[in-house]
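What follows is a single structure, written as C-alpha cells, with notes after it.
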Amino acid sequence: MFNAVAIDVETSKKPNFLPWIPGSYLHLISLARSDGVVKSWLLNHAKATKSIRQVVEEVQAELNAADVIIAHNAKFDLNWLRKYGLDYTNLSIWDCQ
C-alpha cells in the first residue's frame with residue numbers, strides 16, 4: 001500500500017511567520033494519512049496537552065511510516081518542520097500549489 005501524509009502548519013504572525021525570524025513559532029501541525037486518520041497537535045499554546053518534544057516524536061513517527069508528503073505551499077511547511085528537527089529527507093514531496 002502507498003502511504004501518503006498530507007500536512008499543514010499554522011504559525012505565529014508576529015514578529016513574522018518565517019521560521020528563521022527570532023520569536024516566530026508554530027501553533028499547530030495537522031496531518032491526514034491516506035488511510036483516513038486525521039491528527040492535529042497544538043504547540044506553544046495555553047491549551048497544548050503535550051510538550052513540543054512529544055509532538056515532534058509523534059509527528060516524526062507519522063513521517064517515518066509515510067512514502068510521500070503532500071502539502072499546499074510545501075516549502076513553507078517543510079521549513080517549519082525542519083526548524084523543529086523533523087526529518088523528511090527520505091520522503092517524496094508533492095506540492096499541490
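The values are calculated or read from the model by the stated rules, or taken from the named source; none is laboratory data. What you see is a predicted model; the values in this text were computed from it and never measured. FYI the Cβ positions are ideal-geometry reconstructions off the backbone, even for glycines, and counts take in every protein chain you see. Calculation scope for accessible area: heavy atoms of the full protein, side chains included, ligands and nucleic acids excluded. Shrake-Rupley method; radii C 1.70, N 1.55, O 1.52, S 1.80 Å.
Taking first residues from segment 31-59 that are part of a helix (DSSP H, G or I) and modelled with pLDDT under 95 and partners that are open to solvent by less than 70 Å² (accessible area, probe 1.4 Å) and aliphatic (A, V, I, L, M), the Cβ contacts under 9 Å between residues at least 6 apart in sequence or on separate chains come to 52/26; 52/43. The C-beta contact set for segment 79-97 (first residue surrounded by fewer than 12 Cβ atoms within 10 Å (Cβ to Cβ), second residue of a type in the set (Asp, Glu), distance under 9 angstrom, 6+ apart or interchain) comprises 92/67. Screening segment 17-30 for residues that are among the hydroxyl-bearing types (Ser, Thr, Tyr) and outside any strand (DSSP E or B) and picking the one that is farthest from the chain's Cα centre (by Cα) gives 24.
Among the residues of segment 19-33, not one is farther than 18 Å from residue 46 by Cα and touching a Ser or Thr at 6+ places or on another chain (Cβ under 6 Å).
Taking interchain pairs and intrachain pairs at least six residues apart, which have beta carbon atoms under 7 angstrom, with the first residue in segment 4-21 and under 13 Å from residue 75 (Cα atoms) and touching a residue at least 40 places away in the same chain (Cβ under 8 Å) and the second outside any strand (DSSP E or B) and among the hydrophobic types (A, V, I, L, M, F, W, C)? Matching pairs, first to second residue: 9/80; 19/80.
In this entry, residue 11 is excluded by the filter for residues that are out of contact with any Asp or Glu (no Cβ under 7 Å at 6 or more places or on another chain), hydroxyl-bearing (Ser, Thr, Tyr), at negative phi and loosely packed, with under 12 Cβ neighbours inside 10 Å. If I go through segment 22-74 residue by residue, how many of them are of a type in the set (A, V, I, L, M) and loosely packed, with under 12 Cβ neighbours inside 10 Å? The total comes to 5.
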